[in-house]
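First up is the structure itself, then whatever we jot down about it.
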Amino acid sequence: MINSTYMSKTLRAIIDLVTSHKVRISSHGYDELAADNIFVREIVSGIAGAILVEDYPDYPKGRCVLVLQRDHEDKPIHVIWGIPKGASAPAVLVTAYRPDPKLWTPDFLGRKT
């Protein structure tokens with residue numbers, strides 16, 4: 001598990017891109033948002049409070065992160081954000097989902113083994 005006070009270079013870049021409105025949502029992301037009744041505006045507006053869960057700086061399709069965010073009811077949402085390989089923009093919302101408490105620690109920052 002990553003220390004939640006640590007901010008990776010990828011997460012910092014994604015926060016900067018999102019706050020600059022340089023965002024794209026993947027079609028898979030839209031499908032998952034709809035399936036879990038998650039609103040894009042909550043994800044985008046809540047990026048500044050994102051907590052790093054996992055960092056994938058060498059992912060083959062481009063660097064990405066799994067973060068914990070919260071909705072307007074303070075319910076947890078896991079969001080995978082990425083930046084396409086070889087590019088510096090946009091921030092891509094790859095997917096978002098409600099984490100299953102059976103698979104995650106109570107703080108939703110670590111996977112149960």
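The values are calculated or read from the model by the stated rules, or taken from the named source; none is laboratory data. All values reported here derive from a predicted model rather than from experimental measurement. Note that we place each Cβ from the backbone using ideal geometry, even for glycine, and neighbour counts take in every protein chain shown.
When Leu33, Leu66 are checked against the criterion of being at negative phi and at pLDDT 95 or above, Leu66 stands alone in meeting it. Of note, Thr10 satisfies the criterion of being touching a strand residue (DSSP E or B) at 6+ places or on another chain (Cβ under 8 Å) and hydroxyl-bearing (Ser, Thr, Tyr).
Cβ-Cβ contacts under 9 Å between residues 6 or more apart (or on different chains), taken from a first residue in the range 8-28 that is farther than 19 Å from Pro57 by Cβ to a second residue that is of a type in the set (S, T, N, Q), are listed as Ser26/Thr95; His28/Thr95. Taken over the range 68-106, the residue count meeting the criterion of being surrounded by 20 or more Cβ atoms within 10 Å (Cβ to Cβ), over 11 Å from the mean Cα position of the chain (by Cα) and in a strand (DSSP E or B) is 0.
Do we find a residue being under 15 Å from Ser8 (Cα atoms) and part of a loop (DSSP other than H, G, I, E, B) anywhere in the range 41-53? Checked against the condition, which is being under 15 Å from Ser8 (Cα atoms) and part of a loop (DSSP other than H, G, I, E, B), the range 41-53 yields at least one hit. You will find that of Arg24, Arg41, the residue that is of a type in the set (D, E, K, R) and in contact with a Leu (Cβ under 9 Å, 6 or more places away or on another chain) is Arg24 and no other. For the range 45-63, the criterion of being surrounded by 15 or more Cβ atoms within 10 Å (Cβ to Cβ), within 14 Å of the chain's Cα centre (by Cα) and touching a residue at least 60 places away in the same chain (Cβ under 8 Å) is met by no residue.
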